[in-house]
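Below is one structure, written out as structure tokens; comments come after it.
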Amino acid sequence: MLLAIDSSTGTSVAVVDRDGGILAENAVDDTMRHAEVVGALIRDTLSEAGVVAADLSAVACGMGPGPFTGLRIGIAAARAFALGAGKPVVPLVSHDAVAFAWYAAGNSGDLLIATDARRRELYWSAYSGVTAVGLPVRSAGPGLSHPEDVPASTGSRIDADTVSAGSLGMLAELTWAAGASFAADEPLYLRSPDVTMSSRKRVTA
């Protein structure tokens, strides 16, 4: 059983079970209020699922791609909860969760997923199908491009407004069961943060 958190678009939290599926899921689409809502979403989702931290085996975390501020809040929340609960964090690419849900619904063929990166840019990932056990096969990306530079889809395209933590958690469960590798434990910002340290020399008396 896993707690899953993704904040690459809005904020989504779920509790999932390999056999029981998505036990509870809550989300807020607002892309500016991650810090305000993530704690309540975790509390409410655990309560609705009737689960306490000790029942969990791990915390699944979407590593993006996503804008710096929102993405880091979800990752920090996942790491803090996991540390307090004494559970491991299993990182996944957020776009992979969207692809997993699409293929699990019975779709097939090539797939391109795009999400809003702001500044008139898009994050994108391309997929060529699934493995024998149903894990999505990413053929390119994640990348960051202006809309006109996003690779053309040779099959279907999804412009995703949300990433479901439920799908992320079920992808994590399948990845674990298949003995496959998780993503790198590094946020996929794909661009530098807006705020940087000043390079001016400090004046001393």
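The values are calculated or read from the model by the stated rules, or taken from the named source; none is laboratory data. Keep in mind the model is a prediction, meaning the values are calculated, not measured. All Cβ positions, glycine included, derive from the backbone under ideal geometry; neighbour counts span all protein chains shown.
Annotations
- Residue check: residue 135 meets all listed conditions (1) at positive phi; (2) in contact (Cβ under 8 Å) with a residue 24 or more places away in the chain but one, namely (1).
- Scoring residue 162 on the criteria (1) within 30 Å of residue 15 (Cβ to Cβ); (2) at pLDDT 95 or above; (3) not aliphatic (A, V, I, L, M) leaves a single failure, condition (2).
- Test: residue in the stretch 32-52 that is crowded, with 17+ Cβ neighbours inside 10 Å, under 17 Å from residue 176 (Cα atoms) and modelled with pLDDT of 95 or more: no
- All of 132, 126, 104, 140 fail the test of being of a type in the set (Gly, Ala, Ser) and within 28 Å of residue 30 (Cβ to Cβ), apart from 104.
- The helices (runs of 4 or more DSSP H) located wholly in the stretch 1-117 that include 1 or more residues which are within 14 Å of the chain's Cα centre (by Cα) and closer than 18 Å to residue 185 by Cβ occupy 68-85, 94-104.
- Criterion: out of contact with any strand residue (DSSP E or B) (no Cβ under 8 Å at 6 or more places or on another chain), crowded, with 17+ Cβ neighbours inside 10 Å and under 20 Å from residue 59 (Cβ atoms) - qualifying residue of 168, 135: 135
- Subset of the stretch 10-47 that is among the basic types (Lys, Arg) and out of contact with any helix residue (DSSP H, G or I) (no Cβ under 7 Å at 6 or more places or on another chain) - its residue that is nearest to residue 161 (Cα to Cα): 33
- When residue 65 is tested against (1) touching a Pro at 6+ places or on another chain (Cβ under 8 Å); (2) farther than 23 Å from residue 135 by Cα, exactly one condition is not met: (2).
- Scanning the stretch 62-83 for residues that are more than 17 Å from residue 15 (Cα to Cα) and without any contact (Cβ under 8 Å) to a residue 24 or more places away in the chain returns 76, 83.
- Residues of the stretch 142-156 that are in a strand (DSSP E or B) and crowded, with 16+ Cβ neighbours inside 10 Å: 142, 143, 144, 145.
- Residue 14 vs. criteria at pLDDT 95 or above and either within 16 Å of residue 115 (Cβ to Cβ) or buried (at least 17 other Cβ atoms within 10 Å of the Cβ) (or both): yes
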